[in-house]
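What follows is a single structure, written as structure tokens, with notes after it.
The values are calculated or read from the model by the stated rules, or taken from the named source; none is laboratory data. Note that the structure is predicted; figures quoted are calculated from it, not measured. Note that each Cβ is placed from the backbone with ideal geometry, even for glycine, and that neighbours are counted across all protein chains shown.
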Amino acid sequence: MSDLTVQLFTLRVHLFNIDPNAFSKKAGISPKPNRLRVVNVDGRNGLSSKKIIGESAHKAPKIIDDIDISNINVLKLKIKEYGKIIKDEPIENAIVILKNGTVKRCYGSLNGVWPNADLGDELKGGIVIHNHPIGSDNEYSFSNMDINLFVDYELEMLQGIDERYIYQMSRSDLTVDEAIPLIKFTEYDSRSETVRGRMIRMGYGYRRWKHEYR
Ligand SMILES: [Zn+2]
């Protein structure tokens, strides 16, 4: 939704005492009140690959799975499976494994997806797998939006996938990649090294590896 749409929506709900759920359903948007709160809050609008952009009109999230998250092997396989599902999507997608095992898929745009707007507090402590599409502002690692979302929503793990790499920040797996020696540095590595340094300072795990799904 644009800022104007949000304002009009809020105004109509207040003035006419409209049931926001019914209104949202009619308008084809998510009825979560949180979506109003997160728009343009300090520019922390979601998982943008680079630029700070506002949340725009997008498809409502869908429940796609329900898994036993206490089984670590199932969890690992599912994380891989979800990455494969979204890796070639032309827009950002976020597949969110909630703490109760429900799995929801959120839909964004070329340069952003907003699981925080779509799911609100339900997102807290979850695992998120999202893609950076070809042709987006992707820098082959996490954007500042990604890092903010990981911190603000206390995500257990956040994974990003693009056409070359999978990158991961984690609260439970505190493994951090070795620094890339300068002699081996390529155009794909600069952002990843910056993120790696920040993760070390913040006390989280960070890894990035080439994936084989090509
Ligand atoms: Zn991202």
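Of the residues that sit in the stretch 139-157 and are closer than 26 Å to LEU77 by Cβ and assigned to a loop (DSSP other than H, G, I, E, B), which one is nearest to the ligand (Cβ to nearest atom)? Can you show your working first?
Just the residues of the stretch 139-157 that are closer than 26 Å to LEU77 by Cβ, to begin with: 140-142, 146, 149-150, 153-157.
From what's left, assigned to a loop (DSSP other than H, G, I, E, B): 140-142, 153-156.
Values: TYR140: 11, SER141: 9, PHE142: 6, TYR153: 14, GLU154: 17, LEU155: 12, GLU156: 17 Å.
Across the stretch 139-157, the extreme among qualifying residues is PHE142.
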State whether one or more residues within the stretch 83-106 are under 30 Å from ASP189 (Cβ atoms) and in contact with a Ser or Thr (Cβ under 7 Å, 6 or more places away or on another chain).
yes
Working carefully through the options GLY160, GLY120, find the one that is more than 14 Å from the ligand (Cβ to nearest atom) and not aliphatic (A, V, I, L, M).
GLY120
State whether the residues of the stretch 76-88 include one that is more than 28 Å from VAL176 (Cβ to Cβ) and in a loop (DSSP other than H, G, I, E, B).
yes
Selection count where residues are part of a helix (DSSP H, G or I) and within 12 Å of the ligand (Cβ to nearest atom), scope the stretch 99-117:
1
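Of all residues in the stretch 126-138 being part of a loop (DSSP other than H, G, I, E, B) and of a type outside the set (Val, Ile, Thr), which is nearest to the ligand (Cβ to nearest atom)?
HIS132
Which of the following residues is within 16 Å of the ligand (Cβ to nearest atom), among the β-branched types (Val, Ile, Thr) and either over 18 Å from GLY112 (Cα atoms) or modelled with pLDDT of 95 or more (or both): ILE91, ILE52?
ILE91
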